[in-house]
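All of the numbers you see were taken from the coordinates with simple rules; none came from a lab. Here the structure is a predicted model, which is why all the values come from computation and not from measurement. A quick note on method: Cβ atoms are made from the backbone with ideal geometry, for glycine too, and the neighbour counts reach across all protein chains shown.
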Amino acid sequence: MQLAAVVLVDGLVYASYLFMVGVGLTVIFGVQRVLNVTHGAFFAFGAYMSATLIGLWYGADLPAFGGFLMILAAAVIVGVVLGVIIERGLLKFLYDRDEHIVVLATFAAFLVLEDVILLVWGHDPYYAFQPMQLLGSTRIAGLAFDNFNLSMIGISAALATGLWYALRRTTWGKMLRAVIFDREISRAMGINVTAVFLGTFIIGSMLAALGGAYLAPTISVQPGIGVEVIVLAFAVVVIGGMGSIPGALIGAIVVGISRAAAIHMLPQIELFVIYGIMAAVLIWRPEGLFAPVTARKI
Amino acid sequence: MTRLIDRTVIGLTAAAVLFGLLALLLPDWVRFIATQSFARGAVALGLLVLWRTGLVSFGHALFFAIGAYAAAFVQRALVNDAFVMTLAGMLGGGLMAFALGFLLCRYRGIFFALLNMAFSMVLWGLLAKNEALGSTDGMGVASPEFFGVELDGGATHLALFYFALSSALVFAIGVHLYLRSTLGSMSTAVRENEIRLEYLGYSAARAVHVKYVISGVLGGFGGALMAMVVGQVDPDSMAYWTISGEFVFIAILGGTGNVGATFIGALAFEAIRSAAFQWAPTVWQLIMGGTLLAIIMFLPNGLWSMVARLRERRAS
C-alpha cells in the first residue's frame, strides 16, 4: 500500500515535468509538422537560466517567494529569445523541405546549443535549492515528499486546462486548429500562418524552458540534461499521439508512473521500460493512444 | 542485362586502390581515423539504401551496437579472429533486422524513424543495466588475430585498415549493383508511388524488408569493425540516440546520390570531428552542428554535389 502511494506520487511528479516538456513538443509538431530536437536544449537552457536567476535573486537578499517569479522569468526569457532565433533563423527556411531533413536540422541546432550552454555556464553544476527549501514537505503514507515537487503536479494540471481552454474556446485556438487542418486554405482565408507558426513555436519553447526551470531547484543543473530529456519527450509524445494535447497528458502519466514503478520495484528495467512502451504503442497503435483524427488527403 | 562494370564500379575501385597506396605514406593516426570512418560509413551506406526508398532511421545505432557486442562476445566465448568477429557482427545485425523488419516494413515517414529509435533505446537500456555485459562501462575488446596470426599493435591497425578499406569497397560495389537491379530500382518506386508499385504486382513491404536487412547487415559490420579498432564496446558510444543521429548526419554530409559519397561523408565527418577535438575541444559539438546546418542549407545533396557539379562542367 505504501509502495503504491510512493509510486503514484513519484510517478505523478515525474509525469508533470514530462508533460511540460512533452506538450510543447506536441503542439509544435501538431502545427508545424516539425519534430523539434532543439526542444531538449530549450529545456536545458530553462534549467540553467532558472538556476542563475534564482541564485542572483537570493544572493541579493530579496523577498523569498520571488524565487518562483524567477522560474517563470527564466521560462519566458528562454522561450522568447531562443524560440524566435530558431523559428525565424532556421525553421523558416525549411518548411518546404523533407520532414527528415528538418529533424536533422534541429538535431544540428541542438548540438550547437549544447555547446553554447557550456560556453555560457561552464562544466560545473549549478544548484538552486532555495525555492524547494522554502516550501517544506508533506508526509504521505509515512514518507516525506517535498511540497515543491507536489506543486509541479498542480502547475501541470493548470497548464493542461489552460491549453485545452485556449485551443477549444478561443478565436486564437480556432485559428490554430484551422492551420493544423489545412495550412493553405487557412492562408487563403486570411489567417496569418507565419505569425501563427512563430507564436506556436515561442509558446512551445516556453513550455520546454518552464519544464527545465521548474525542475532546476530539485536537481543539480549540469551538462547533458537536455540530451536525456528530449528522447523522453519523444516517448511521451509518441505514446499519446503526436500533435495531441490530451495525448501528451496521458503519455506523460504513462511514462511517469511506469518509470516510478520500475525504479521502486524492478530497477534493472528502469532505463528501457519507457522505450519498450513507446515501441509497443508504435506497433499497436502507431498514431498514438489519443491521436487526433486526421482527414485523409488524396 | 546491364553491364556489370560501369563508371561507378571503376571509379570506386580506383579510389580504393589509390587511397590504399596513399595510406602507406600517411601517419598511423590518419589510418586509425580512416578505419573508424569506414566503420561509420558502412552504417551510413545502409541508411542510404533505406533513404532511396524515402525512409530514414533514427535508430541505426541498434545494429551498430549489436554488431559491436556480437564481435566482443564472440571474441570472449569462441575465437579471437577478425573475420569471424566481423561475420558474427553482420549476422547479428542481419538477424535482428530480419526479425524487426516484419514490423517495420509496414511503417513510413516519421513513424519508421521513431520506431527505429524506440528499439535502439530499448537496446541501450538493456545494455546499460546488464552487468554481465559490463553495464555502462561496456567491455574491452582485445586486438584481433587474422587467421590465427597474432600481430603487434601497429601491424594490427594496418591490417584492420586494409580489411576495412577492402570491405568498404566490396560493400559499396555490392550496394551499387543492388540499387541497379530490379529489386533495387523499386526503391524509387516505393518512394514515389507505393500503390502503383503494388498494382504492378510487386510487394512494397517485401522490398522494404530486404532493404532493412541489408542495412542491418551493414550496421552490424560497422559495429564489429568499430569494436576491433577502438578496442572497446559500451552502450553510450554505440547505442545511444545521438549515435544514430550521427549516422544520418554522415549520410547527409556525403549525399545520397552515390554509394561512394557515404564514405566521403564518413571521412569528412571523422576528420572534422578529430580536428575539432584537437584544436577546439570545448566547442566541437558546435562545429559539428554548424557543419551539418551549412550542408543542409547550402549543399542539400551533400559533398557529392560538388563532384557532380565538376562533372557537369566538364561535360558542357
Task: Among (1) free of Cβ contacts under 8 Å to residues at least 24 places away in the same chain; (2) farther than 20 Å from A:Leu207 by Cα; (3) in a helix (DSSP H, G or I), the one test that A:Val102 misses - done: (1)
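Residue-by-condition table, conditions (1) part of a strand (DSSP E or B); (2) away from chain A (no Cβ under 14 Å); (3) polar (S, T, N, Q); (4) within 11 Å of the chain's Cα centre (by Cα):
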| site | (1), (2), (3), (4) |
| --- | --- |
| B:Leu225 | no, yes, no, yes |
| B:Met238 | no, yes, no, no |
| B:Ile243 | no, no, no, no |
| B:Glu246 | no, no, no, yes |
Task: Test result for B:Tyr69, aromatic (Phe, Trp, Tyr), touching a Leu at 6+ places or on another chain (Cβ under 9 Å) and buried (at least 22 other Cβ atoms within 10 Å of the Cβ) - done: yes
- [ ] Scan the stretch A:112-122 and give yes if some residue there is in a helix (DSSP H, G or I), of a type in the set (Phe, Trp, Tyr) and more than 30 Å from B:Phe112 (Cβ to Cβ), otherwise no.
- [x] yes
TODO: Could you tell me which of the residues A:Thr106, A:Thr38 is touching a His at 6+ places or on another chain (Cβ under 9 Å) and farther than 26 Å from A:Gly154 by Cβ?
DONE: A:Thr106
- [ ] Identify, from the list A:Val229, A:Val273, A:Val238, the residue that is surrounded by 22 or more Cβ atoms within 10 Å (Cβ to Cβ), farther than 28 Å from A:Thr52 by Cβ, β-branched (Val, Ile, Thr) and within 14 Å of chain B (Cβ to nearest Cβ).
- [x] A:Val238
TODO: Could you please let me know if A:Arg88 is farther than 27 Å from A:Ile155 by Cα, in a helix (DSSP H, G or I) and of a type in the set (Lys, Arg)?
DONE: yes
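So that you can scan it fast, the table gives a plain yes or no per residue for (1) in contact with a Leu (Cβ under 6 Å, 6 or more places away or on another chain); (2) on the phi > 0 side of the Ramachandran plot; (3) within 14 Å of chain A (Cβ to nearest Cβ); (4) in a helix (DSSP H, G or I):
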{"position": "B:Ala205", "(1), (2), (3), (4)": "no, no, no, yes"}
{"position": "B:Val208", "(1), (2), (3), (4)": "no, no, no, yes"}
{"position": "B:Ile214", "(1), (2), (3), (4)": "no, no, no, yes"}
{"position": "B:Val217", "(1), (2), (3), (4)": "no, no, no, yes"}
{"position": "B:Gly222", "(1), (2), (3), (4)": "no, no, no, yes"}
{"position": "B:Ala251", "(1), (2), (3), (4)": "yes, no, yes, yes"}
{"position": "B:Thr256", "(1), (2), (3), (4)": "yes, no, yes, no"}
TODO: Collect the residues in the stretch A:72-131 that are among the basic types (Lys, Arg) and either crowded, with 19+ Cβ neighbours inside 10 Å or within 9 Å of another protein chain (Cβ to nearest Cβ) (or both), keeping them in residue-number order.
DONE: A:Arg97
Open item on the list: Going residue by residue through the stretch B:154-175, is there one that turns out to be among the aliphatic types (A, V, I, L, M), touching a helix residue (DSSP H, G or I) at 6+ places or on another chain (Cβ under 6 Å) and assigned to a loop (DSSP other than H, G, I, E, B)?
Closed with: no
Open item on the list: For the stretch B:48-58, which positions are under 14 Å from A:Leu104 (Cα atoms) and in a helix (DSSP H, G or I)?
Closed with: B:Trp51
Open item on the list: Looking at the stretch A:157-170, can you tell me whether even one residue there is more than 19 Å from A:Leu12 (Cα to Cα) and β-branched (Val, Ile, Thr)?
Closed with: yes
- [ ] Considering (1) outside any helix (DSSP H, G or I); (2) crowded, with 17+ Cβ neighbours inside 10 Å, say which one A:Gly190 fails and leave the rest.
- [x] (2)
- [ ] Please work out if A:Leu56 is in a helix (DSSP H, G or I) and away from chain B (no Cβ under 13 Å).
- [x] yes
Open item on the list: Which condition from (1) among the small types (Gly, Ala, Ser); (2) away from chain B (no Cβ under 14 Å); (3) within 28 Å of A:Pro246 (Cβ to Cβ) is the one that A:Ala44 breaks?
Closed with: (2)
Open item on the list: Given (1) of a type in the set (A, V, I, L, M, F, W, C); (2) within 24 Å of A:Gly247 (Cβ to Cβ); (3) surrounded by 15 or more Cβ atoms within 10 Å (Cβ to Cβ); (4) within 18 Å of the chain's Cα centre (by Cα), identify the lone condition not met by A:Ala158.
Closed with: (3)
Task: Selection count where residues are surrounded by 19 or more Cβ atoms within 10 Å (Cβ to Cβ) and over 26 Å from A:Leu135 (Cβ atoms), scope the stretch A:204-225 - done: 2
Task: Subset of the stretch A:161-217 (residues that are in contact with a Pro (Cβ under 9 Å, 6 or more places away or on another chain) and among the β-branched types (Val, Ile, Thr)) - done: A:Ile180
TODO: Within the stretch B:110-149, count every residue that is free of Cβ contacts under 8 Å to residues at least 12 places away in the same chain and either within 7 Å of chain A (Cβ to nearest Cβ) or within 23 Å of B:Leu47 (Cα to Cα) (or both).
DONE: 6
Task: Members of the stretch B:112-139 found to be in contact with a Leu (Cβ under 7 Å, 6 or more places away or on another chain), more than 16 Å from A:Leu232 (Cα to Cα) and in a helix (DSSP H, G or I), listed by number - done: B:Phe112, B:Leu127, B:Ala128, B:Lys129, B:Leu133
- [ ] Please go through the stretch B:87-124 and pick out each residue that is in contact with a Pro (Cβ under 9 Å, 6 or more places away or on another chain) and either surrounded by fewer than 21 Cβ atoms within 10 Å (Cβ to Cβ) or over 26 Å from A:Glu228 (Cβ atoms) (or both).
- [x] B:Arg106, B:Tyr107, B:Phe111
Open item on the list: Whether any residue in the stretch B:73-81 is within 14 Å of chain A (Cβ to nearest Cβ) and in a helix (DSSP H, G or I) is what I want to check.
Closed with: no
